[in-house]
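Each remark here refers to the structure printed beneath this line.
Read-outs: derived from the displayed coordinates by stated rules, not from any lab. These numbers come from a predicted model, not from an experiment. Reconstructed Cβ throughout: ideal geometry from the backbone, glycine too, with neighbour counts over all protein chains shown.
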Amino acid sequence: MPKTRPFDNHVDEYEKWFVDNHFVFQSELYAIKKAIPSEKKGIEIGIGSGIFAKPLGIKTGIEPSKAMREKAKTRKINAVDAIAEDLPYPESSIDFALMVTTVCFLDDIYKSFYEVNRILSTNGYFIIGFVDKTSPLGKIYLEHKDNSIFYKNATFYSTKELLGILKTTGFEIKNIYQTVFGNLDEIKNVQEVKPDYGEGSFVVIKAKLKLKL
């Protein structure tokens, strides 16, 4: 079952986080933009309220939460009612697929990644933005997840774990970026983006389709 109830019931709280943590949000966007291919046809999987899609120029994607889809419409985003494990796109029809803080809510991560493999065109890209569970912020989220509206039922991953799953599901790693250094309440400007992982709490993996499975 998709973990949609918190997002259906707490859209305003979800949106408020990005206002309260403006420079964290902008830093994450900055890192994701480095991985997005220019002038390509892309979708976002778990497009939510469209808060990432809008500034990234992504116009469509899937989202199982009705309330989030309605919010995305106000940003002129076409959010389709679907799940990551059963994507409503033809085989080899998409140039890139983006997931931002979505992997932790997947019911079946392997099935979802195989679906991305199916819909990507030759040389297509799969881009994942997430909070690494071994990072400072990831450890805080894990410690307090039982008291969190959104993360109570989430499954967090480390970068190493995702790299392994990506390779198993037919992808090769092209680039890794990291940002969000330090405590969230201390971030007062857009932070730099560094290559690799291990320092920043927010990691972006850019993987290329290697083998159709």
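Is there a quick way to get the dipole size of the chain? I mean about its Cα centre, with the Cβ of Lys and Arg at +1 and of Asp and Glu at -1; what is the value in debye to the nearest 20? Kindly include the intermediate steps, with their values, before the conclusion.
On the way: 30 positive and 28 negative charges, 118 e Å.
Once rounded to the nearest 20, the dipole reads 560 debye.
Are there trypsin sites (Lys or Arg not before Pro) in the range 72-133 that DSSP marks as loop and that have at most 16 other Cβ atoms within 10 Å, and which are they?
Arg75, Lys76
Only loop residues by DSSP count here, and only those with at most 10 other Cβ atoms within 10 Å; note down the GluC sites (Glu not before Pro) in the range 1-86 that meet that.
For GluC sites (Glu not before Pro) across the range 1-86 that sit outside H, G, I, E and B with at most 10 neighbouring Cβ atoms in 10 Å, the list reads Glu39.
Rounded to the nearest 0.05, what FRET efficiency do Asp108 and Lys76 have when you use their Cβ-Cβ distance and R0 = 35 Å? Don't skip to the answer; put the middle values down first.
Values: r = 31 Å, r/R0 = 0.89.
Efficiency computed from Cβ-Cβ geometry: 0.65.
Please give the net charge around Asp86, taking every other residue with its beta carbon less than 12 angstrom from that of Asp86, where Lys and Arg add +1 and Asp and Glu add -1.
Summing Lys and Arg as +1 and Asp and Glu as -1 gives -3.
Could you tell me how far the Cα centroid of the range 145-160 sits from the Cα centroid of the range 1-80, in Å?
18 Å
How much net charge surrounds Lys167 when only the other residues with a Cβ under 15 Å from the Cβ of Lys167 are counted, with Lys and Arg +1 and Asp and Glu -1? Don't skip to the answer; put the middle values down first.
Details: positive: Lys160, Lys174, Lys206, Lys208, Lys210, Lys212; negative: Glu161, Glu172.
So the surrounding residues net to +4.
Assuming R0 = 30 Å, can you tell me the calculated FRET efficiency for the pair Leu213 and Lys33, based on Cβ-Cβ distance, to the nearest 0.05?
The value I calculate is 0.55.
Multiply the residue separation of His10 and His22 by 0.36 nm, subtract the distance between their alpha-carbon atoms, and state the gained length in nm to one decimal.
My answer for the length gained is 2.4 nm.
Enumerate the aspartates and glutamates that Lys212 could reach by cross-link, defined here as Cα to Cα under 15 Å, with residues fewer than 8 away along the same chain left out.
By straight Cα distance, Lys212 reaches Glu91, Asp95, Glu115, Glu172.
I need the P(r) histogram for the chain: all alpha carbon pairs, bin width 5 Å from 0 out to the longest distance, whole percents.
1, 8, 16, 21, 23, 18, 11, 3, 0
Pairs Lys33/Lys152; Lys160/Lys194; Lys40/Lys206: which exceed 20 Å Cα-Cα?
Correct reply: Lys33/Lys152.
At 0.36 nm per residue, minus the direct Cα-Cα distance, what do Asn123 and Asn175 gain on full extension? Give it in nm, one decimal, please.
17.3 nm
As a test, work out the antiparallel percent of DSSP beta bridges whose residues both lie in the range 5-209, rounded to the nearest 5. Could you put the intermediate results ahead of the total?
Details: 18 of 32 bridges.
The answer is about 55 percent antiparallel.
Please report the relative contact order for the chain, taking Cα pairs under 8 Å with a sequence separation of at least 6, and give it as a percent rounded to a whole number.
After rounding, I find 22 percent.
Where a Cα-Cα gap under 20 Å defines reach, which lysines qualify for Lys71, not counting those fewer than 8 residues away within the same chain?
Lys3, Lys16, Lys54, Lys59
Using the Cβ atoms and a cut-off under 10 Å, what net charge is assigned to the surroundings of Ile176, where Lys and Arg are +1 and Asp and Glu are -1? Don't skip to the answer; put the middle values down first.
Numbers: positive: Lys174, Lys194, Lys206; negative: Asp196.
After counting each charged neighbour, the total is +2.
Rounded, prolate or oblate: pick one for the range 27-113, where a ≥ b ≥ c are the square roots of the eigenvalues of its C-alpha gyration tensor, a/c under 1.5 means rounded, and failing that, prolate if a/b is larger than b/c, else oblate.
rounded
Taking the Cα centre of the chain as the origin and placing charges on Cβ (Lys, Arg +1; Asp, Glu -1), which of Ala207, Phe130, Ala31 is farthest toward the positive end of the dipole?
Sorting the options by dipole projection puts first Ala207.
Would you please give the FRET efficiency between Asp86 and His144, computed as 1/(1 + (r/R0)^6) with r the Cβ-Cβ distance and R0 = 30 Å, to the nearest 0.05? Could the numbers behind the result be given before it?
On the way: r = 32 Å, r/R0 = 1.06.
After rounding to 0.05, the efficiency reads 0.40.
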